[in-house]
1. Hey, what number do you get for the chain at 222 nm if only DSSP H runs of n ≥ 4 count, each worth -39500 (n - 2.57), divided across all residues, to the nearest 500?
2. Straight-line reach from LYS151: which aspartates and glutamates have a Cα under 15 Å away, not including same-chain ones fewer than 8 places off?
3. Which ³J(HN,Hα) values in Hz, rounded to whole numbers, follow from the phi angles of region 93-101 under the Karplus curve 6.51 cos²θ - 1.76 cosθ + 1.60, where θ = phi - 60° and Gly and Pro get x?
4. Put a dot 7 Å past each Cα toward the Cβ at GLU67 and ASN92; how far apart are the dots in nm?
5. How compact is the chain by the rule of thumb for globular proteins, expressed as Cα Rg over 2.2 N^0.38 Å?
6. Give a residue-ordered list of calculated ³J(HN,Hα) values for region 12-29 (Karplus: 6.51 cos²θ - 1.76 cosθ + 1.60, θ = phi - 60°; whole Hz; x for Gly, Pro).
7. Which of the trypsin sites (Lys or Arg not before Pro) found in region 97-162 are loop residues per DSSP with 12 or fewer other Cβ atoms within 10 Å of their Cβ?
8. Please give, to one decimal in nm, the separation of the simple spin-label points placed at SER128 and LYS23, each 7 Å out from Cα toward the Cβ.
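Each reported figure results from applying straightforward, stated rules to the coordinates on display, with no laboratory input. Because the structure is a prediction, the values reported are computed rather than measured. Please note: Cβ atoms are built from the backbone with ideal geometry, for glycine as well, and neighbour counts cover all protein chains shown.
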Amino acid sequence: MKYDLVDKKDRLIKIGTKLEAKKLKLFTRSVHILLLNKEGKILLCKRSSNKETYPNKITSSAGGHVEQKESYIIAAKRELKEELGIVTALKNAGRFDIVNKQERAIHHLFIGKMKKIFPDPNEISSFSLMSVEEIKKDLCSHPNKYCMPFKEAFKCYFKYTQ
């Protein structure tokens with residue numbers, strides 16, 4: 001699949017693959033969405049075992065790559081619909097970057113309100129609701145259960161809410 005490849009300032013350089021982004025030290029774009037229920041608990045999802053990156057790891061409510069010529073907000077809304085079968089208002093909570101052996105991406109975090117979900121089993125194997133304190137505690141006790149991008153998304157969320 002081809003993506004917009006961008007520089008550190010998120011300026012479009014060329015269209016290409018994730019592999020090209022790594023080779024050229026460019027970035028792809030990604031989104032993460034955290035949905036909160038009325039009690040302030042966050043919906044966390046476990047990625048299915050068939051996922052190429054981070055299989056069986058806990059992550060955000062929804063998320064994924066921004067497709068070619070797509071904005072971050074449009075990508076976030078598309079990912080929510082694809083993965084959870086819902087539409088809800090979203091607020092941009094900030095940017096964080098991930099550079100590791102799996103990816104080289106600029107991420108934007110979006111926050112929304114929880115609704116009744118219809119998880120896609122090809123994307124999500126299970127889900128749970130956790131408070132911020134429960135997540136903090138579990139991240140400390142069991143860091144390997146979680147995707148690296150989720151850890152950064154959670155830090156971004158924490159900064160956003162302070």
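1. -8000 deg cm²/dmol
2. In chain and number order, the partners are ASP97, GLU103, GLU133, GLU134, ASP138.
3. Running phi through 6.51 cos²θ - 1.76 cosθ + 1.60 with θ = phi - 60° gives 9, x, 10, 8, 10, 10, 10, 8, 5 Hz.
4. Each label point lies 7 Å from its Cα, and together they span 2.1 nm.
5. Numbers: Rg = 15.0 Å, N = 162, 2.2 N^0.38 = 15.2 Å.
Against the empirical 2.2 N^0.38 Å value, I get 0.99 for the chain.
6. Once θ is set to phi - 60°, the couplings for region 12-29 become 4, 9, 6, 9, x, 9, 4, 4, 5, 4, 5, 4, 8, 6, 9, 10, 8, 10 Hz.
7. On the way: sites: LYS101, ARG104, LYS113, LYS115, LYS116, LYS136, LYS137, LYS145, LYS151, LYS155, LYS159; in loops: LYS101, LYS115, LYS116.
Passing sites in region 97-162 are LYS101, LYS116.
8. 4.2
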